[in-house]
Structures are given as structure tokens and as C-alpha cells.
1. Being among the polar types (S, T, N, Q) and loosely packed, with under 12 Cβ neighbours inside 10 Å narrows it down to one of S63, S38, S53, so name that one.
2. Tell me, yes or no, whether the stretch 58-72 has at least one residue that is in contact with a Lys or Arg (Cβ under 8 Å, 6 or more places away or on another chain), of a type in the set (F, W, Y) and under 24 Å from R25 (Cβ atoms).
3. In the stretch 42-77, which residues are part of a loop (DSSP other than H, G, I, E, B) and in contact (Cβ under 8 Å) with a residue 12 or more places away in the chain?
Amino acid sequence: MHSWLFCYFGLANVIALLLMCLDKRKAVKGKWRVSELSLLAFGWLGGAFGILSGMVVCKHKLSKLRFRFMMPIAGLVHWLIIGYYFLILNS
């Protein structure tokens, strides 16, 4: 079985969660921040569920409409990609 797809999405989500927690910590301390564009791009490139988890766990970016609407859409796209890969391409 091709586990590279799960490894890719798993690693992307772990890194996205860590970036959200790092950005929250830096925001509280008033230091250097991870740009919103970088966080959104990372979410669209496979880390949507990590970004969503970071929003809940770290209570970060919850008031930003971009994150509240775009990351669930990105997560749905990721589920569709995984579903397409395993249901259509592996049948």
C-alpha cells in the first residue's frame, strides 16, 4: 500500500500545528511572528487539520475570517484528494 500520501499529510499537519503554537507563543511575547500568508499556504499544502487544531488548542487566529472559512475548505479538499486516491486510483 502506498503510505506516502498519509506520511505527507501527517507530517504537514504536525508541522502546521507546531507553527500555529509557535506563532501564538511569539504573539504573546511580542516577538517575531509567522506570517498569515505562510500559515494559510501551509494549510493549503496539506496542513489544514493542523492549522484547525492549532486554532482550537492554542486559541489562535479564531477571529480571523480567512482561517475560519479557508481551512475547513482546505481540509475538505484534502479529504477529497485522499478519497479519490484510495477509492478511484487503487481500485
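No lab work stands behind these numbers, since they all come straight from the coordinates. Remember, predicted model here, so these are calculated numbers, not experimental data. Using ideal geometry, Cβ is built from the backbone for each residue, glycine included, and neighbour counts are taken over all protein chains shown.
1. Details: S38 fails: loosely packed, with under 12 Cβ neighbours inside 10 Å; S53 fails: loosely packed, with under 12 Cβ neighbours inside 10 Å.
Of the residues listed, the single one that is among the polar types (S, T, N, Q) and loosely packed, with under 12 Cβ neighbours inside 10 Å is S63.
2. yes
3. If we filter the stretch 42-77 for residues that are part of a loop (DSSP other than H, G, I, E, B), which is where we start, we get 58-64.
C58, K59, H60, K61, K64, listed by residue number.
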